[in-house]
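Chemist: I have a structure I would like to understand better, so I am pasting it below and will then ask my questions one at a time.
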Amino acid sequence: MHIKFIDYLCDPITKEKLDIDLSRSKVENGICKEGFLYSNSNSYPIKKGVVRFVDNYNYSESFGWQWNYWSRVQFDSENINKPMHGHTTKMWESITDFKNKGINDLNSKVVLDVGCGPGRFIEVVRNKGALVIGLDYSMAVDAAYRNFENDENVCIIQGDAMNLPVKANSIDIAFSIGVLHHTPNPSNGVQEVYKVLKPNGGWFALSVYGSGGYYDFPSVQFWRKVFAFTWKYLGQWPPLIYTYFVITVFRPFAKLSRNLGRVIRLFFPFINLPDKDWSLLDTFDSVTPSYQSAHGSYEIYCWFKAIGYNNIEPTNWGNTSYCGSKK
């Protein structure tokens, strides 16, 4: 991490400011790959370029494995002239809708990606000139760091969206896409973001799974429970074998007939996208999380309203994407 990002971080427990322990840290040209940050109360290691505010092994273990295995599949730079060309940028722009909020220039803006995974949306906002903090609870931070190791304007931190290690009133723009439904309390994550946004114009965009959709399927919930049990003993292998099996065997039938695909997914859920690698990734992603909730549009609006957001509006990605600003 570049030490300039210390100005935006804080002790997640006490909210005290952090400093770098120069006696136990190696800093070259402003970059620290190994060392420690400390407050008056606690100390946090920097390992492999990532500030670690949480333990490595937690309920997000499947995501850590997933994003290190498929670390660049969804990056737009990896999909030029391929079936999913430009999909990630289109997704980010549709969910955030920042252009329609008068936010046309991200140069010099400090942007927080809550649940960054390996960083596909970080690539989007970096291409728009932003200074980016990418936070993830899982070991996906290792993949994200590798993807942006040479970019001093990206800081990857391993932290909890339920207790952000980010200073209050310091962030220009934040977003969380496809993440908070994988936490014990999504609305708490929305509240945490509100605290760190700058007042009078800090914006937050959110997208979560919608009620009644694929992720609500009884078959998805069934297999997720099966693989949660087997993960304790066999790790990623059962869901990985399942994923390759259903995509290899059933995806061709779904391409021939949508109705046949729907019938198959009643028993063996999978995601059918134009690119096979995306299908593999998103299928594995759907049947492995420890937490996976689905929500209604009005429910999400109520989260924003109760917390105190202003200018709350739905955005153009399904019916469970919203944005709002801090008063």
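The values are calculated or read from the model by the stated rules, or taken from the named source; none is laboratory data. None of these values were measured; they are calculated from a predicted model. FYI the Cβ positions are ideal-geometry reconstructions off the backbone, even for glycines, and counts take in every protein chain you see. Side chains included, ligands, DNA and RNA excluded: accessible areas come from the protein's heavy atoms. Shrake-Rupley method; radii C 1.70, N 1.55, O 1.52, S 1.80 Å.
Chemist: On a 25 Å Cα-Cα criterion, which of the cross-link pairs K82/K225; K109/K167; K47/K128; K101/K198; K195/K225 come out too long?
Modeler: K82/K225; K47/K128; K195/K225
Chemist: Let me ask something else. Taking K255 as the anchor, which aspartates and glutamates have their alpha carbon closer than 19 Å to its alpha carbon, excluding any fewer than eight residues away along the same chain?
Modeler: The qualifying aspartates and glutamates are D275, D277, D282.
Chemist: Tell me, what HN-Hα J-couplings in whole Hz come from the Karplus equation 6.51 cos²θ - 1.76 cosθ + 1.60 at θ = phi - 60° for each residue of region 141-158, using x for Gly and Pro?
Modeler: 4, 5, 5, 4, 5, 4, 5, 10, 4, 9, 10, 6, 9, 10, 10, 9, 10, 9
Chemist: Quick one: angle between helix 87-96 and the longest Cα principal axis of the chain, in degrees between 0 and 90, rounded to 10, please.
Modeler: Around 60 degrees separate the two axes.
Chemist: Let me ask something additional. Does anything in region 180-202 have its amide N under 19 Å from the 7 Å Cα→Cβ label point of N310, and if so which residues?
Modeler: So the set is 191-202.
Chemist: How large is the dipole of the chain about the Cα centre if only Lys and Arg carry +1 and Asp and Glu carry -1, each at its Cβ, rounded to the nearest 20 debye?
Modeler: Around 540 debye, computed over the chain.
Chemist: With unit charges on the beta carbons (Lys and Arg positive, Asp and Glu negative) and the dipole taken about the Cα centre of the chain, which residue among G201, Q74, N153 sits farthest to the positive side?
Modeler: So the residue we want is Q74.
Chemist: For region 194-299, how big is the tail of P(r) above 20 Å, as a whole percent of Cα pairs?
Modeler: Counting every Cα pair in region 194-299, those more than 20 Å apart make up 48 percent.
Chemist: Further question: For a quick check: with amide H placed at 1.01 Å from N, whose amide H comes under 5 Å from C10's, ignoring anything fewer than 5 positions away on the same chain?
Modeler: Those lying under 5 Å, H to H, from C10 are V166, K167.
Chemist: Can you give the angle from 0 to 90° between the axis of helix 218-234 and the longest principal axis of the chain, with both taken from C-alpha atoms, to the nearest 10?
Modeler: Once rounded, the angle reads 60 degrees.
Chemist: So, one more: If you scale each eigenvalue of the Cα gyration tensor by 5 and take the root, what three semi-axes come out for region 105-248, rounded to whole angstrom and sorted largest first?
Modeler: Three semi-axes, in Å: 31, 18, 14.
Chemist: On to the next question. Give, in nm to one decimal, the length gained when the segment between R24 and I80 is fully stretched (0.36 nm per residue of separation minus the Cα-Cα distance).
Modeler: 15.9 nm
Chemist: Follow-up. To make sure I understand the rule: partners must be aspartates and glutamates, Cα under 19 Å from the Cα of K327, and not fewer than 8 residues away in the same chain. Which ones qualify?
Modeler: D97, D172, E192, E313
Chemist: Could you give the C-alpha radius of gyration of region 55-119 expressed as a fraction of 2.2 N^0.38 Å, taking N as the number of residues it contains?
Modeler: 1.38
Chemist: Further question on the same structure: Counting heavy atoms of the protein chains only and a 1.4 Å probe, report the per residue accessible area for region 215-288 as a whole number of Å².
Modeler: Heavy-atom accessible area per residue stands at 55 Å².
Chemist: Still on this model: Please give the peptides 136-142, 175-181 ranked by average Cβ packing (other Cβ atoms within 10 Å per residue), highest first, as a rough proxy for protection.
Modeler: With the highest mean Cβ count within 10 Å placed first, the list reads 136-142, 175-181.
Chemist: Let me ask another. Using the per-residue mean of other Cβ atoms lying within 10 Å as a proxy for protection, in what order, highest first, do the peptides 165-173, 220-228 fall?
Modeler: Result, highest mean first: 165-173, 220-228.
Chemist: Magnitude of the Cβ-charge dipole of region 260-320, K/R +1 and D/E -1, about the Cα centre, nearest 20 debye?
Modeler: So the magnitude is around 200 debye.
Chemist: Can you order the peptides 151-159, 245-253, 90-98 by their average number of other Cβ atoms within 10 Å per residue, highest first?
Modeler: 151-159, 90-98, 245-253
Chemist: How much accessible surface area, in Å² rounded to 10, belongs to the heavy atoms of R24 with a 1.4 Å probe?
Modeler: Accessible area, nearest 10 Å²: 120 Å².
Chemist: May I ask you to evaluate 6.51 cos²θ - 1.76 cosθ + 1.60, the Karplus curve with θ = phi - 60°, for each residue of region 269-277 and list the ³J(HN,Hα) values in order in whole Hz, giving x for glycine and proline?
Modeler: Karplus-based 3J(HN,Hα) across region 269-277 equals x, 7, 10, 10, 10, x, 9, 5, 5 Hz.
Chemist: Between 0 and 90 degrees, rounded to the nearest ten: what's the tilt of helix 297-307 against the longest Cα principal axis of the chain?
Modeler: So the helix axis and the longest Cα principal axis differ by about 10 degrees.
Chemist: Put +1 on the Cβ of each Lys and Arg and -1 on the Cβ of each Asp and Glu in the chain; which of F250, V51, A294 then has its Cα farthest toward the positive end of the dipole?
Modeler: F250
Chemist: Quick check for me: using +1 on Lys/Arg Cβ and -1 on Asp/Glu Cβ, what's the dipole size of region 1-126 about its Cα centre, in debye to the nearest 20?
Modeler: 200
Chemist: What are the semi-axes of the equivalent ellipsoid for region 1-130, taken as the square roots of 5 times the Cα gyration tensor eigenvalues, largest first, in whole Å?
Modeler: Equivalent ellipsoid semi-axes, largest first: 30, 19, 14 Å.
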